[in-house]
Amino acid sequence: MSFDTLGLAEPLLRAVAEYGYTTPTPIQLQAIPAVLSGGDVMGGAQTGTGKTAGFVLPMLHRLLDHHQQRTLDLSHVQIFVLDEADRMLDMGFVHDIKKVLAVLPAQKQSLLFSATFSDEIKALADRLLNKPVLIEVARRNQTNDAIAQKVHPVGREMKKDLLIHLIKANDWDQVLVFTRMKHGANRLVEHLLKADISAMAIHGNKSQT
C-alpha cells in the first residue's frame, strides 16, 4: 500500500514523498482513513511507528488552505496552544506562527510550552502572552542534579590523549564525545582507533542508515 491510496490531498502526498516516505506504517494505514472519516479514534502502537503522522496528516488534510478559502473561521478561538515552541523556532516556523496569530482574536488564553527558554522564546512570549504565569521545573540553563560534572583544563594539543587516558583509566565502554566541527569528529575517531578504542563519528554527513 502507498500513501496515495489513503485519500490525502495531493499537496500532502507531494510533501510526504519529498521527505522520502513511500509506504505508510501499519498504524498510519489504518488511522489516516479513520481520522479522515470524522469519527473518534483510539490508536495503539509502539514508539517510533509513526503515530503522530497518523493523526497530523489527516488533520492537515481537513484544515491545509481553509482559512484562505474562507471556509474556516478562527475569530472565536478561545485557547491557543504553542507546544514545542523551541523546536518551532529552530525549524523556522516563526512566520507561520505570526500568520496564525494575525487571524486569532486578541482576547484569548495562550499557552506556550518549551523545553528551553532561550532569548528567542522570551521574545516570542512577549508578543504572544499577556502577563503569563511562568513555570520552570528546571531553571534556565541549569544542569540536572543527577549528573556529575568534572572539568579538566588542558591545552588543545593534549585533549585527545587526555580523553584516551580517561576512557582507559575508568574502563568506560559507552562514551559520547561532542566536538565543534565535523572534521574534528573524524580526526578524533582516527586517533581513538589507533589507540585500540572502538569509535564512530555521527554528524550531518551520515546517511539515515
Unmet criterion (only one of (1) in contact with a helix residue (DSSP H, G or I) (Cβ under 6 Å, 6 or more places away or on another chain); (2) surrounded by 12 or more Cβ atoms within 10 Å (Cβ to Cβ)) for residue 97: (1)
Residue match in region 53-73 (condition: surrounded by 10 or more Cβ atoms within 10 Å (Cβ to Cβ) and in contact with a Phe, Trp or Tyr (Cβ under 9 Å, 6 or more places away or on another chain)): yes
Breaking point among (1) free of Cβ contacts under 8 Å to residues at least 12 places away in the same chain; (2) in a loop (DSSP other than H, G, I, E, B), for residue 95: (2)
So residue 50, is it surrounded by 14 or more Cβ atoms within 10 Å (Cβ to Cβ), more than 30 Å from residue 109 (Cα to Cα), of a type outside the set (Val, Ile, Thr) and touching a residue at least 24 places away in the same chain (Cβ under 8 Å): yes
Region 74-94, residues that are touching a Ser or Thr at 6+ places or on another chain (Cβ under 9 Å) and open to solvent by less than 90 Å² (accessible area, probe 1.4 Å): 80, 81, 82, 83, 85, 86, 88, 89
Residues of region 192-209 that turn out to be modelled with pLDDT of 95 or more and surrounded by 14 or more Cβ atoms within 10 Å (Cβ to Cβ), as a count: 4
Looking only at region 117-131, and only at residues there that are surrounded by 13 or more Cβ atoms within 10 Å (Cβ to Cβ) and in a loop (DSSP other than H, G, I, E, B), the one that is modelled with the highest pLDDT: 129
Residue 146 being without any contact (Cβ under 8 Å) to a residue 24 or more places away in the chain and either in a helix (DSSP H, G or I) or more than 30 Å from residue 189 (Cα to Cα) (or both): no
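The values are calculated or read from the model by the stated rules, or taken from the named source; none is laboratory data. A quick note: this is a predicted structure, and the numbers were derived from the prediction, not measured. Every residue, glycine as well, gets a Cβ built from its backbone with ideal geometry; the counts of neighbours run over all protein chains shown. Heavy atoms of the whole protein, side chains included, go into the accessibility calculation; ligands, DNA and RNA do not. Shrake-Rupley method; radii C 1.70, N 1.55, O 1.52, S 1.80 Å.
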